[in-house]
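Here, each number is a calculation from the coordinates, and none is a lab measurement. Here the structure is a predicted model, which means the values were calculated and not measured. In this analysis, Cβ positions are derived from the backbone assuming ideal geometry, glycine residues included, and neighbour counts consider all displayed protein chains.
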Amino acid sequence: MKIDYTKYTVSELLDVQDNIDKLAHPERYQLLCEEINFRKSNGEYHTYLKSFTTDESEDDDELIIEFSKGHKSWSRRAFIVFFALIHLIVIALVIPKYFAPSLSDMTEYKTDIADAQCNVEEYEDSETDKIYHYYDLNFDVFSAVNIGQTICQRLAKELPTYSQVSIWQSEGYVYQLEVDSKIVLPYKKMNKSMVELQTDGVEMYLFLLIGLWFIGFKSLANAIKPGSFTKD
């Protein structure tokens, strides 16, 4: 009976090639080789090899840490602690950014201002192509960030004319500004501006945790329950 190798897949052809008895079935072997050569000429053979290699390399690149039960259980606990520690560190870095020091914890600082400048910073949103402007008031070693164009330019002109200015600040950032017993930059407004400044780019930490889970989820599952995932 003549075998129709044209109906075989490349995988099936290669399997037959590995197992066929060339001496017992020389004609079949000849037909098999002709069909494989034909698959090579039309690109089907190379497409099969490429897809097989890609799938194999993707599996090899996947990071899976396998743990065993028993005397090496300490390594499982260490990995779980390490995984949790990363989360705690990220949380410890992110949460304080959403809070600013209270006004009661700051000391009122009185001085006269010799010179003040209103500086503008341009920012372009890459997603919307919109351009935003941020106006910061700088004087001496202090900065009042993102206070708006009008008030920034006005205070830059008027501050040097006052004999005394009261400042509530932390690490050089102004949280409240008072001139002639009048609050011109209230704590509520400046606190909001500072939180916005501190939380700018906080999404990076979220992406870090997502990446950690993407890479380490299977290893974490193995640490909790050995054998959940394998490299095979």
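Some points to look at:
- Membrane-span-like helices in the chain, defined here as complete DSSP H runs extending at least 18 Å along the helix axis by their C-alpha atoms with mean Kyte-Doolittle hydropathy no lower than 1.0, are 73-94, 203-224; this is a sequence and geometry rule, not a statement about a membrane.
- Residue exposure sequence - VAL120, VAL174 - by fewest surrounding Cβ within 10 Å: VAL120, VAL174
- Fewest-first sequence of TRP213, TRP74 by Cβ atoms within 10 Å of each Cβ: TRP74, TRP213
- With each label modelled as a point 7 angstrom along the Cα→C-beta vector, the LEU197-ARG154 pair spans 2.1 nm.
- Ellipsoid fit via the Cα gyration tensor, the range 100-201: semi-axes of 25, 17, 10 Å, each the root of five times an eigenvalue, largest first.
- Residue exposure sequence - SER75, SER181 - by fewest surrounding Cβ within 10 Å: SER181, SER75
- The slack between THR9 and ILE80, meaning 0.36 nm per residue of separation minus the straight C-alpha distance, is 21.0 nm.
- Value of [θ]222 nm, deg cm²/dmol, for the chain, DSSP H segments ≥ 4, -39500 (n - 2.57) each, nearest 500: -15500 deg cm²/dmol
- Computed over neighbours whose Cβ is under 12 Å from that of VAL195, the net charge equals +2, Lys and Arg +1, Asp and Glu -1.
- Calculated on C-alpha atoms, the gyration radius of the chain divided by its Kirkwood radius gives an Rg/Rh of 1.38.
- Isolated Cys in the chain, by beta carbon distance under 4.7 Å: CYS33
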